[in-house]
C-alpha cells in the first residue's frame, strides 16, 4: 500500500507547473461519501490552488469550496488547520497572528490542510497541487 501512495504523491507533485504538494484531510464528517466529496471539491478548486501558489492562508476560499461540496456540515462547527497550526475554530478565523503562522506553512513545498467538521467520525484524504503561473504558460502555449 505504501508503494501505491508514494506513486500517487509523485504523480500529483509532478503536475504541470506544480510547486507544492498538498494533502487535503477532512475529519469529523457525518458520512464517508460526504467527507470524500468535501476533500475533492476543496482539492479541485482553482481559487484554493492559486491561494496555495500565492502562499496566502485564505481560509475563506477553502470554506467556500467546502460549501460548494455535497457534504452536509454546520459552518459554525468547522475548524481548519494548516499542518498543526489552527486557523479557524467553530467557523471563526483566529486572526492575524494565526494567519501569519499559517502563511509560513504555505511557504513549504509540502503541507496538509485539515478541515474538521466536528460532526461525525468519518474521514477522507486527497492530494492536490497548487496552480502556478507555469501551469498557465504550459497550457496557454499549445493547442490539442
What FRET efficiency comes out for residue 97 versus residue 7 if R0 is 41 angstrom and r is the Cβ-Cβ distance? Round to the nearest 0.05. 0.60
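If packing is taken as the mean number of other Cβ atoms within 10 Å per residue, what is the order of 61-70, 89-98, 20-29, highest first?
Values: 61-70: 17.9, 89-98: 13.0, 20-29: 22.0.
Descending packing order for the listed peptides: 20-29, 61-70, 89-98.
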Antiparallel %, DSSP beta bridges [both residues in the chain], to 5: 70 percent
Computed FRET value (nearest 0.05) for residue 89 with residue 46, which takes r as the C-beta separation and R₀ as 25 Å: 0.40
Full-extension gain between residue 70 and residue 56, please, as 0.36 nm times their residue separation minus the C-alpha to C-alpha distance. 2.5 nm
Gap in Å between the Cα centre of the stretch 1-28 and the Cα centre of the stretch 57-126? 18 Å
Helix 32-43 sits at what angle to the longest principal axis of the chain, using alpha carbons and giving 0 to 90 degrees rounded to 10? 50 degrees
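With contacts defined as alpha carbon pairs under 8 Å and 6 or more residues apart, what's the relative contact order of the chain in percent? Numbers along the way, then the final one.
On the way: 282 pairs, mean separation 60.1, N = 144.
Contact order relative to length: 42 percent.
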Mind checking the angle between helix 96-106 and the chain's longest principal axis? C-alpha axes, 0 to 90 degrees, to the nearest 10. 40 degrees
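State, as an integer percentage, the relative contact order of the stretch 1-85 based on alpha-carbon contacts under 8 Å between residues 6 or more apart. The partial results should precede the final answer.
On the way: 53 pairs, mean separation 21.9, N = 85.
Relative contact order here is 26 percent.
I need the calculated FRET efficiency for the pair residue 133 and residue 30, taking r as the beta carbon distance and R₀ as 41 Å, to the nearest 0.05. Don't skip to the end; give the middle numbers.
Numbers: r = 38 Å, r/R0 = 0.94.
The calculated FRET efficiency here is 0.60.
Values quoted throughout were computed directly from the atomic coordinates according to the rules given, and no laboratory measurement underlies them. Computed from a predicted model, the values in this text were never measured in an experiment. Neighbour counts are summed over all protein chains in view; Cβ atoms, including those assigned to glycine, are modelled from backbone coordinates with ideal geometry.
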